[in-house]
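Taking it in order: structure first as structure tokens, then the write-up.
The numbers here are math on the coordinates, done by the rules we state, and not lab data. The structure presented is a predicted model; accordingly, all values stated were derived computationally and were not measured. Cβ sites come from the backbone with ideal geometry, for glycine too, and all protein chains shown count toward neighbours.
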Amino acid sequence: MTDREFEALYREYFDPVYRYALGLTRDVHAAEELTQETFFKAMQSIDGFRGDCRVQTWLCSIAKNKFLSQQRQKKPEPLDELPETQDPGEGPESAVLRKDESMRLHRLLHALPEPYKEVFSLRVFGQLSFRQIGQLFGKTENWACVTFHRARAKIKANRKAEEE
């Protein structure tokens, strides 16, 4: 692939890959870095791209693998060094409740078996379409849709059981 062809690929797919990375990282700077690393990896391995999936799906799977690799390498931050995320106008009680609810939802998501956990994460956090998710798994768009809705139902059921 020539530099000009890769530059055209970069221009065409930068935005969807960046939006996907932003959904994964929830941080503008981290998403920019992840997007750059994704395209760098793609440039290194473009000859290995067989064309059995869409280019956007291939790039998003590179981004997902890079992101997961980064997460495995991260060390947990000590509690006293966590950044302050509380809204200054918000009282401490509501901040604690919001953090508790967030942790509860993350626990429920973490408890899901695969592929429900990954499909739900790709749809909600990665903002991928059902078609893209199906392609990542080598399945149909309908399979991805059904799996997502089953995951959501499992989360709701587990949440309700936890409340009782």
Could you list, in their original order, any pairs among LYS41/LYS117; LYS41/LYS64; LYS117/LYS139; LYS41/LYS66 whose Cα atoms are separated by more than 18 Å?
LYS41/LYS117
Where the only charges are on Cβ atoms (+1 Lys, Arg; -1 Asp, Glu), what is the dipole of region 1-51 about its Cα centre, to the nearest 20 debye?
180 debye
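Let me check against my output: what whole-number percent is the relative contact order of region 1-53, with C-alpha pairs under 8 Å and at least 6 apart?
Result for region 1-53 is 33 percent.
Quick one: which of 140-148, 120-128 comes out on top by average Cβ neighbours within 10 Å, and what's the full order, highest first? List each step's numbers first, then the result.
Numbers: 140-148: 16.6, 120-128: 19.8.
Top to bottom by mean Cβ count within 10 Å: 120-128, 140-148.
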Around GLY23: net Lys/Arg minus Asp/Glu count, Cβ-Cβ under 12 Å
+3
Give the peptides 13-23, 151-161 in descending order of average Cβ contacts within 10 Å, highest first.
13-23, 151-161
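With Cβ to Cβ distances under 13 Å as the rule, what net charge do the other residues near SER129 carry (K, R +1; D, E -1)? Working shown, then result.
Working: positive: ARG19, ARG54, ARG123, ARG131; negative: GLU141.
It works out to a net charge of +3.
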